[in-house]
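As structure tokens, the structure follows; a few thoughts come after it.
The values are calculated or read from the model by the stated rules, or taken from the named source; none is laboratory data. For clarity, every value in this text was computed on a predicted model and none was experimentally measured. Note that each Cβ is placed from the backbone with ideal geometry, even for glycine, and that neighbours are counted across all protein chains shown. SASA here: full protein model, heavy atoms, side chains in, ligands and nucleic acids out. Shrake-Rupley method; radii C 1.70, N 1.55, O 1.52, S 1.80 Å.
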Amino acid sequence: MTQIDIDRIAFAAALEQAEKSQREGGIPIGSALVDPSGNVVGRGHNLRVQKGDPTAHAEITAIRNCGRRRDWHTLTLASTLSPCAMCTGATVLHRCKRVVIGENRTFQGREDWLKQEGAEVVVLDDARCIELMRAFIGARPELWNEDIGVP
């Protein structure tokens with residue numbers, strides 16, 4: 001299995017999670033982690049609205065759903081949106097080697113930090129992710145600002 005195949009699997013799982021969050025009335029961001037064999041080992045979506053938990057971002061939820069592991073450095077993390085500082089910090093802490101990002105037009109997270117720590121960052125600039133976030137931000141700007149810490 002090639003890295004491109006792994007990226008596709010990870011991104012497809014992340015996008016599915018973003019759509020799930022949207023159907024639940026939450027913030028439409030999804031994430032997934034995939035091992036070198038192409039197995040999705042963790043997936044999650046932003047649950048801030050659903051759970052009332054300000055730390056329940058998609059990447060954090062996906063990492064939590066992986067459970068205890070010792071092979072983080074072999075995993076590819078995919079997110080439909082550029083990871084914020086909190087999610088980047090968790091990704092750096094766990095030394096994920098590759099991060100696939102659906103889009104970074106609606107929000108520019110801490111990709112610089114990921115790269116500084118040696119992660120390979122791939123931005124897909126996916127039109128579905130861009131439209132999903134633009135529609136959400138347009139419809140719920142107050143909730144979006146809450147999510148990214150804007151007073």
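Loop only per DSSP, at most 10 neighbouring Cβ atoms within 10 Å: give me the trypsin sites (Lys or Arg not before Pro) in region 23-69, ordered by residue number.
68
Report, in debye and to the nearest 20, how large the dipole of region 1-80 comes out about its Cα centre when Lys and Arg carry +1 and Asp and Glu carry -1 on their Cβ.
280 debye
Taking every pair of Cα atoms in region 68-121, average 1/r, invert it to obtain the Kirkwood radius, and report Rg/Rh to two decimals.
Value, to two decimals: 0.95.
Need the list of lysines near residue 115 for cross-linking: C-alpha distance under 21 angstrom, and skip anything on the same chain fewer than eight residues off.
Here the lysines satisfying the reach criterion relative to residue 115 are 97.
Over region 11-77, one equal point on each Cα, no solvent: what is log10 I(q)/I(0) by the Debye formula at q = 0.24 Å⁻¹?
Relative scattering, expressed as log10 I(q)/I(0), comes to -0.92.
Using bins 10 angstrom wide from zero, how does P(r) for the chain break down, in % of all Cα pairs?
Going out from 0 Å in 10 Å bins, the chain shows 13, 48, 33, 6, 0 percent.
Quote the charge dipole size of region 34-151 about the Cα centre in Debye, to the nearest 20; the model charges only the Cβ of Lys and Arg (+1) and of Asp and Glu (-1).
Charge dipole of region 34-151: 400 debye, to the nearest 20.
Around residue 72, with a cut-off of 11 angstrom between Cβ atoms, what is the net charge of the other residues, counting Lys and Arg +1 and Asp and Glu -1?
For residues surrounding residue 72, the net value is +3.
How high is the relative contact order of region 22-151, given as a whole-number percent (alpha carbon pairs under 8 Å, six or more residues apart)?
About 20 percent, as a whole number.
Which value in nm describes the separation of the simple spin-label points at residue 113 and residue 127, placed 7 Å from the Cα toward the beta carbon?
3.3 nm
Taking amide H positions as placed 1.01 Å from N in the peptide plane, with prolines and chain starts having none, which residues 5 or more places from residue 120, or on another chain, fall under 5 Å of its amide H?
When sequence neighbours closer than 5 places are left aside, the close amide H contacts are 98, 99.
Expressed as a whole percentage, what fraction of the accessible surface of the chain belongs to carbon and sulfur atoms when a 1.4 Å probe is rolled over the protein heavy atoms?
50 percent
Could you give the angle, 0 to 90 degrees to the nearest 10, between helix 127-139's Cα long axis and the longest principal axis of the Cα atoms of the chain?
Its long axis makes an angle of about 30 degrees.
Could you give the accessible area per residue of the chain, probe 1.4 Å, as a whole number in Å²?
49 Å²
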